[in-house]
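Below: the structure, in structure tokens.
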Amino acid sequence: MMLTFLVSLQAIQVVILWLHDWVPLGRLNGVATVRAADTTGRLVLVTLIQSVPYTIGLAYSLVHLHTAHFPGWLWYWLWVSYGLLFAGELRAWWLPYLVAPEPARATRYQSMFGTTHTFLPERNGITPNTLHVVLHIQTAATLCLLAALTLRGT
């Protein structure tokens, strides 16, 4: 059951990573403002870089889910990929928000995400939007679940 939950978290994250810059989701994202800030080529490149490793991990997780046993390499893949994703999320959003102001990043985020839904207060010129907060919570939950499964020896 825990492996099924892990795969479910992965699936939701993969969908968000592939689509959040491309498919309008009401006030959860700002496709037009993101496209105004970046070229299509850069958006394609960023989407591929941020989505392909997690899609590979999800695909192999689905292949091995029925056996209830993931091979060792897949555990490493998941740990490294989601660890890097979380480190990137911390670096891109939470360090500038909580610790070290980055005015240029704040200006960029304001232009890209300024019209999206938020529930956190602004700090250092940044307000993490709801969709990114959901993604970051899911990444943290994925790492917690990986830790629990690793400690359990699954």
Segment 56-93: number of residues that are among the β-branched types (Val, Ile, Thr), surrounded by fewer than 14 Cβ atoms within 10 Å (Cβ to Cβ) and part of a helix (DSSP H, G or I): 2
Count of segment 29-53 residues which are in contact with a Leu (Cβ under 6 Å, 6 or more places away or on another chain) and in a helix (DSSP H, G or I): 2
Residue selected from segment 106-124 under the condition part of a loop (DSSP other than H, G, I, E, B) and at pLDDT 95 or above, by the criterion least open to solvent (accessible area, probe 1.4 Å): Thr116
Residue check for Ala37: small (Gly, Ala, Ser), in contact with a helix residue (DSSP H, G or I) (Cβ under 7 Å, 6 or more places away or on another chain), closer than 24 Å to Leu143 by Cβ and touching a residue at least 60 places away in the same chain (Cβ under 8 Å): no
Segment 67-93 residues that are of a type in the set (S, T, N, Q), paired with ones that are in a helix (DSSP H, G or I) (beta carbon under 9 Å, 6 or more apart): Ser81/Pro53; Ser81/Tyr54; Ser81/Ile56; Ser81/Gly57
Residues being loosely packed, with under 13 Cβ neighbours inside 10 Å and among the aliphatic types (A, V, I, L, M) - total across segment 3-38: 3
For Pro96: the one exception among (1) in contact (Cβ under 8 Å) with a residue 60 or more places away in the chain; (2) crowded, with 18+ Cβ neighbours inside 10 Å: (1)
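The values are calculated or read from the model by the stated rules, or taken from the named source; none is laboratory data. The model shown is predicted, which means the values in this text are computed figures rather than measured ones. All Cβ positions, even for glycine, are placed from backbone atoms using ideal geometry, and neighbour counts span all protein chains on display. Side chains are part of the model used for accessible areas, which takes the heavy atoms of the whole protein and leaves out ligands, DNA and RNA. Shrake-Rupley method; radii C 1.70, N 1.55, O 1.52, S 1.80 Å.
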